[in-house]
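Below: the structure, in structure tokens.
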Amino acid sequence: MRVLIVGGGGREHTLAWKIRQSPLVDVLFAAPGNPGIAREATCVPIGVDAHSDLVTFARRERVDLAVVGPEAPLVAGLADRFAEGGVTVFGPSARAAAIEGSKVFAKDLMRRHSIPTAQFSTFDDPDRARRYCRELGAPLVVKADGLAAGKGAIVCRSLEEADAAIAECMERKAFGASGARVVVEEFMRGEEVSFFALANGHDAIALAAAQDHKTIFDGDRGPNTGGMGAFSPVGVFHEALEKRVMEAIVRPTLTALADQGAPYRGVLYVGLMLTSQGPKVVEFNCRFGDPECQVLLTRAPGDLIPWLLAAARGAAWPPATAWPHNASVCVSVASGGYPGAYVTGLPIRGVDAAEARAGVHVFHSGTAEREGQLVTAGGRVLGVTAVAESLEKAIAAAYAAVGDISFDGMHSRTDIGRRRMAPSVGRGTAPEGRRP
Ligand code: AMP
Ligand code: GLY
């Protein structure tokens, strides 16, 4: 089989690493890829937004399966373009990807189908949004409707902060057209879990859960980032809870999408809050999480390709294999200054030593190669991932590997995977939520 991965971050490096292991795959391409992905696949310099070039390439190279990593091209219709070009694609159509692309769409669907989520209202008028904030009371959350590179959800501790967030989105247009409409919603307390299911248009199958650490500093302090680390499995997310989420959230969501002519094919990322009233949806994403993908796929048993094909083709699932009783931890290694401004082009040392450790994989998020030297090229630079028989051992192995790596200004959290050991429900993540 000939497979094309679209994307060039840590998630796509992990997909490439896993897909490369499939005996069904003879040729693997990545567009645009990165220096880590180049060890697994042939990288072609086509950006994720160059849809017609991607389809032309896939047709010319007789690609049997295209796997789209990031949300932006999916929301913009890349899966539809592949399908029109006769290329089998893993990833939802634009109409189904609206579950991530429009928070108003997702919230309305949840309301109509009684899928548990935060109480909310949507607005295109800032004054009415401000009035609703007073009805709801603080803390509350203001969310730009459209994609905003992970920055569109603003947790507000006070009504003043809510007013500022509304002004930022709707009047100063910090997120452009994405913020023309906003969702204002109740602040939910509890443990946050990222849960993943595969969908083939009419049926879904659970993958596993992971927990992300979103803020830049230890102890869940500081501004939010794309994700500073993740671990899987999640102790609090037991089997009964998974079953409940599949029945009360995943299946009704997929049925609702299919019923409105937008069958969902791909991976559904369900951002959950485990509240005292049970699991509720924080958000849906139309793709794997990053760095959640790193911990999921390093744990996942067997060959991924038959599963991706079944999802893409709307076919029956292959026979299931039980997930092993192991644990995986990914520590994001970031540039100094991230998520604010940072410099790039700094030489990275020690990746080979880190990868020589048992169970360790170093996935590239923001790297480049300059005259044979690996250099930094993004905010999150590497996802240092370790699999072991227990969470404790995986944490120790991941941090030992981080200790091998260095570049100027390098920053990583020191508490990834340790959240389970802290008090859980009511942790109160309000204070320093996402800022535009
Ligand atoms: P989102 O962009 O919707 O994933 O939101 C980003 C982050 O903001 C989430 O991962 C949560 O930590 C937080 N958040 C969003 N909505 C809520 C909510 N209703 N209650 C509490 N936290 C929230
Ligand atoms: N790690 C969060 C995300 O991928 O959206």
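The values are calculated or read from the model by the stated rules, or taken from the named source; none is laboratory data. Keep in mind it's a predicted model, so treat the numbers as computed, not measured. As a convention, Cβ positions derive from the backbone with ideal geometry for all residues, glycine included, and neighbour counts pool all protein chains shown.
Observations, loosely collected:
- Elements of type strands (runs of 3 or more DSSP E) in the range 322-429, at least 2 residues being at pLDDT 95 or above, out of contact with any Pro (no Cβ under 7 Å at 6 or more places or on another chain) and of a type in the set (A, V, I, L, M): 327-334, 360-364, 380-388
- Subset of the range 186-202 [more than 16 Å from ligand 2 (Cβ to nearest atom) and within 26 Å of P291 (Cα to Cα)]: F187, M188, R189, G190, L198, A199, N200, G201
- Selection status of A174, of a type outside the set (S, T, N, Q), away from ligand 2 (no atom under 16 Å from the Cβ), in a loop (DSSP other than H, G, I, E, B) and under 27 Å from P70 (Cα atoms): yes
- Selected residue (only one of E135, E185 is part of a helix (DSSP H, G or I) and closer than 21 Å to V282 by Cα): E135
- Residues that are of a type in the set (D, E, K, R) and in contact (Cβ under 8 Å) with a residue 24 or more places away in the chain within the range 215-252 comprise D218, D220, R221, E242, R244, R251, listed in sequence order.
- When residues of the range 158-199 are limited to those that are basic (K, R) and away from ligand 1 (no atom under 16 Å from the Cβ), the one surrounded by the most Cβ atoms within 10 Å (Cβ to Cβ): K173
- Under the condition of being of a type in the set (A, V, I, L, M, F, W, C) and touching a His at 6+ places or on another chain (Cβ under 7 Å), the residues counted in the range 363-382 number 2.
- Scanning the range 292-304 for residues that are within 26 Å of A240 (Cβ to Cβ) and either of a type in the set (S, T, Y) or within 14 Å of ligand 1 (Cβ to nearest atom) (or both) turns up at least one hit.
- Whichever residue in the range 268-311 is crowded, with 21+ Cβ neighbours inside 10 Å and among the aromatic types (F, W, Y) and, among such residues, is farthest from S365 (Cα to Cα): F284
- Of the residues F284, F288, F231, the single one that is in a loop (DSSP other than H, G, I, E, B), within 16 Å of ligand 2 (Cβ to nearest atom) and of a type in the set (A, V, I, L, M, F, W, C) is F288.
- G152 meets all of the listed conditions (1) surrounded by fewer than 22 Cβ atoms within 10 Å (Cβ to Cβ); (2) at pLDDT below 85; (3) within 11 Å of ligand 1 (Cβ to nearest atom) but one, namely (1).
- Candidate set: the range 3-34, residues that are among the charged types (D, E, K, R) and within 16 Å of the chain's Cα centre (by Cα); chosen: the one surrounded by the most Cβ atoms within 10 Å (Cβ to Cβ): E12
Residue-wise test of (1) closer than 21 Å to V375 by Cα; (2) within 16 Å of ligand 2 (Cβ to nearest atom); (3) out of contact with any Ser or Thr (no Cβ under 9 Å at 6 or more places or on another chain); (4) modelled with pLDDT of 95 or more.
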{"residue": "M1", "(1), (2), (3), (4)": "no, no, no, yes"}
{"residue": "P23", "(1), (2), (3), (4)": "no, no, yes, yes"}
{"residue": "A31", "(1), (2), (3), (4)": "yes, no, yes, yes"}
{"residue": "R39", "(1), (2), (3), (4)": "yes, no, yes, yes"}
{"residue": "F57", "(1), (2), (3), (4)": "no, no, yes, yes"}
{"residue": "E61", "(1), (2), (3), (4)": "no, no, yes, yes"}
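- Only residues that are closer than 22 Å to Y342 by Cβ and surrounded by fewer than 18 Cβ atoms within 10 Å (Cβ to Cβ) were counted across the range 400-409, and they come to 4.
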